[in-house]
Amino acid sequence: MQAIQAKDYKIAFGNHGYENLNVLLKEKNYSILFILVDSNTHEYCLAQFLQNVETSQTIEIIEVDPGEEFKNLETCEGVWNVLSELNADRKSALINLGGGVVTDLGGFVACCFKRGIDFINIPTTLLAMVDASVGGKTGVDLGPLKNQIGVISNPEMVLVDTTFLGTLPIEELRSGYAEMLKHGLINSESYWNTVKDTKYSDIESLGELIRQSIAIKNEVVLEDPFEQNIRKSLNYGHTLGHAIESYFMESDEKNRLLHGEAIAVGMVLANFLSTELRSLGKDTCDETSKAILSFYPYINFEEKDIEAIITLLKYDKKNSHGLIYFVLLDAIGKPVLNQEVSNELIFKAFDYYKKLSNK
């Protein structure tokens with residue numbers, strides 16, 4: 001599969017990707033290679049990865065706990081301490097082997113250590129392949145607030161090996177699939193139709209679609225690397241989706257949601273808002289929303305939940321001058337930015353989600 005050229009780095013695939021990686025490691029001649037894993041990728045992915053790496057450089061493994069709840073500054077401090085103890089210098093490199101938590105956190109750790117060392121992303125989940133590992137966003141959460149601390153800095157390369165998807169539980173595949181559905185909604189009706197008709201559990205069929213999803217995101221990022229304009233469209237469904245994810249993460253009464261489960265709800269809500277405030281047709285809204293809901297479990301929201309979620313919206317990164325901004329749609333493939341939405345409409349959007357889910 002042909003590599004994709006991003007800004008200052010390549011996104012390479014499969015065996016060709018490993019060839020690119022080995023050439024890069026030889027050219028760079030890093031003093032020490034550090035591989036950041038969580039306990040899952042340590043067990044299921046590390047051995048396979050190392051079998052494909054050809055280097056004489058010293059390799060050290062750093063393991064962190066898995067899960068969004070450990071994507072924080074405390075974990076970063078632990079990794080920074082290990083890097084220092086193992087004599088990492090500015091000519092070292094950090095290879096992030098894992099899902100979105102590992103690539104986000106590892107990229108941030110690398111950007112800050114000694115004012116910046118090289119890092120390479122090897123995504124092992126569908127979510128990380130089509131979203132987290134591409135585009136240069138790095139960072140960690142601040143308590144339950146998603147990605148509040150971070151920088152935009154590109155890796156030296158991204159290597160996508162879809163065989164790692166075979167190590168995932170079905171729920172993780174479904175979580176990443178939400179981002180592919182989002183790419184369809186903001187990019188084109190043809191891609192939307194292709195994705196919604198593909199089984200996310202069929203890893204073999206996903207290969208070319210993953211490349212297309214990455215290409216869609218990369219095209220947007222190349223045009224707007226620092227999210228001043230069109231890159232905001234990649235946040236479709238994420239304004240409320242992130243708030244939902246944060247609320248369920250911090251609540252003692254709720255079970256945690258996977259990222260894609262929260263974003264799926266966020267997209268249905270954004271669809272409804274797009275019919276109310278923009279020109280998205282009601283039939284299109286209903287059809288796309290039903291398609292999304294067919295893949296994800298129903299989540300019950302009480303009035304107090306919605307009020308708490310609305311309160312969390314003020315922390316969204318797209319906000320400016322005290323105003324909360326949404327990405328909405330005029331049609332599939334036609335996102336519109338910086339849309340203000342009243343709390344009253346947000347409550348109506350949750351009503352729509354409930355009614356549509358219970359039909």
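The values are calculated or read from the model by the stated rules, or taken from the named source; none is laboratory data. Computed from a predicted structure; not experimentally measured. Neighbour counts are summed over all protein chains in view; Cβ atoms, including those assigned to glycine, are modelled from backbone coordinates with ideal geometry. Ligands, DNA and RNA are stripped out before the accessible areas are found, and what is left, the full protein with its side chains, is counted by its heavy atoms. Shrake-Rupley method; radii C 1.70, N 1.55, O 1.52, S 1.80 Å.
Taken over region 1-51, the criterion of being among the hydrophobic types (A, V, I, L, M, F, W, C) and open to solvent by 90 Å² or more (accessible area, probe 1.4 Å) is satisfied by M1 alone.
In region 172-209, which residue that is within 15 Å of the chain's Cα centre (by Cα) and open to solvent by 10 Å² or more (accessible area, probe 1.4 Å) is nearest to N40 (Cα to Cα)? Quick ask: steps written out before the conclusion?
Going residue by residue through region 172-209, those that are within 15 Å of the chain's Cα centre (by Cα) are 172-183.
Restricting the remaining residues to those that are open to solvent by 10 Å² or more (accessible area, probe 1.4 Å) gives 172, 174.
On the way: E172: 13, R174: 18 Å.
Of everything passing the filter in region 172-209, E172 is nearest to N40 (Cα to Cα).
Figure legend. Inter-residue proximity from region 236-259: first residues closer than 21 Å to L328 by Cα, second residues modelled with pLDDT of 95 or more and among the charged types (D, E, K, R), beta-carbon distance below 7 Å, spacing 6+ or different chains. Indicated pairs: Y236/K182; G237/K182; H259/E245.
For region 160-170, the count of residues that are part of a strand (DSSP E or B), crowded, with 16+ Cβ neighbours inside 10 Å and not polar (S, T, N, Q) is nonzero. Taken as a whole, the structure leaves I244 outside the set of residues that are surrounded by 14 or more Cβ atoms within 10 Å (Cβ to Cβ), at pLDDT 95 or above, outside any helix (DSSP H, G or I) and out of contact with any Lys or Arg (no Cβ under 6 Å at 6 or more places or on another chain).
Here's the yes/no breakdown for (1) touching a Cys at 6+ places or on another chain (Cβ under 6 Å); (2) free of Cβ contacts under 8 Å to residues at least 24 places away in the same chain; (3) under 18 Å from V134 (Cα atoms); (4) not charged (D, E, K, R):
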{"position": "A6", "(1), (2), (3), (4)": "no, no, yes, yes"}
{"position": "Y9", "(1), (2), (3), (4)": "no, no, yes, yes"}
{"position": "L21", "(1), (2), (3), (4)": "no, no, yes, yes"}
{"position": "L46", "(1), (2), (3), (4)": "no, no, no, yes"}
{"position": "F49", "(1), (2), (3), (4)": "no, no, no, yes"}
{"position": "N52", "(1), (2), (3), (4)": "no, no, no, yes"}
{"position": "G67", "(1), (2), (3), (4)": "no, no, no, yes"}
{"position": "E74", "(1), (2), (3), (4)": "no, yes, no, no"}
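For region 73-87, the set of residues classified as open to solvent by less than 40 Å² (accessible area, probe 1.4 Å) and out of contact with any helix residue (DSSP H, G or I) (no Cβ under 7 Å at 6 or more places or on another chain) consists of G78 only.
Name the residue, out of S274, S289, that is in a helix (DSSP H, G or I), out of contact with any helix residue (DSSP H, G or I) (no Cβ under 6 Å at 6 or more places or on another chain) and closer than 13 Å to L185 by Cα. Spell out the reasoning first.
On the way: S289 fails: out of contact with any helix residue (DSSP H, G or I) (no Cβ under 6 Å at 6 or more places or on another chain).
Selected residue: S274, the only one of S274, S289 that is in a helix (DSSP H, G or I), out of contact with any helix residue (DSSP H, G or I) (no Cβ under 6 Å at 6 or more places or on another chain) and closer than 13 Å to L185 by Cα.
Okay, residues lined up against (1) at pLDDT 95 or above; (2) more than 20 Å from K232 (Cβ to Cβ); (3) in a helix (DSSP H, G or I):
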{"position": "C285", "(1), (2), (3)": "yes, yes, yes"}
{"position": "Y296", "(1), (2), (3)": "yes, yes, no"}
{"position": "F301", "(1), (2), (3)": "yes, yes, no"}
{"position": "E307", "(1), (2), (3)": "yes, yes, yes"}
{"position": "I346", "(1), (2), (3)": "yes, no, yes"}
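Report whether or not S213 is touching a helix residue (DSSP H, G or I) at 6+ places or on another chain (Cβ under 8 Å) and under 24 Å from P155 (Cα atoms).
Working: touching a helix residue (DSSP H, G or I) at 6+ places or on another chain (Cβ under 8 Å): yes; under 24 Å from P155 (Cα atoms): yes.
For S213, the condition - touching a helix residue (DSSP H, G or I) at 6+ places or on another chain (Cβ under 8 Å) and under 24 Å from P155 (Cα atoms) - is met.
For L127, state whether it is assigned to a helix (DSSP H, G or I), closer than 26 Å to S205 by Cα and either modelled with pLDDT under 95 or not acidic (D, E) (or both). So L127 fits the description; yes. Among residues of region 186-204 that are closer than 15 Å to K290 by Cα and touching a residue at least 12 places away in the same chain (Cβ under 8 Å), those with a Cβ under 7 angstrom from a residue that is among the hydrophobic types (A, V, I, L, M, F, W, C) and open to solvent by less than 50 Å² (accessible area, probe 1.4 Å), sequence gap 6+ or separate chain, pair up as W192/L185; W192/I332; V195/M180; V195/L181; V195/L209; K196/L181; K196/A291.
Number of residues in region 210-241 that are in a helix (DSSP H, G or I) and either open to solvent by 60 Å² or more (accessible area, probe 1.4 Å) or over 30 Å from K348 (Cβ atoms) (or both): the value is 13.
When the residues of region 284-331 are narrowed to those that are among the small types (G, A, S) and touching a residue at least 40 places away in the same chain (Cβ under 8 Å), which ends up surrounded by the most Cβ atoms within 10 Å (Cβ to Cβ)? If you could, list the steps in order and put the result at the bottom.
Taking region 284-331 first, the residues among the small types (G, A, S) are 289, 291, 294, 308, 320, 322, 331.
Among the residues that remain, those that are also touching a residue at least 40 places away in the same chain (Cβ under 8 Å) are: 289, 291, 308, 331.
Details: S289: 22, A291: 17, A308: 17, A331: 15.
Once the filter is applied, the top-ranked residue is S289.
Here the condition is being open to solvent by 20 Å² or more (accessible area, probe 1.4 Å) and outside any loop (DSSP other than H, G, I, E, B); of V341, V336, it holds for V336 alone.
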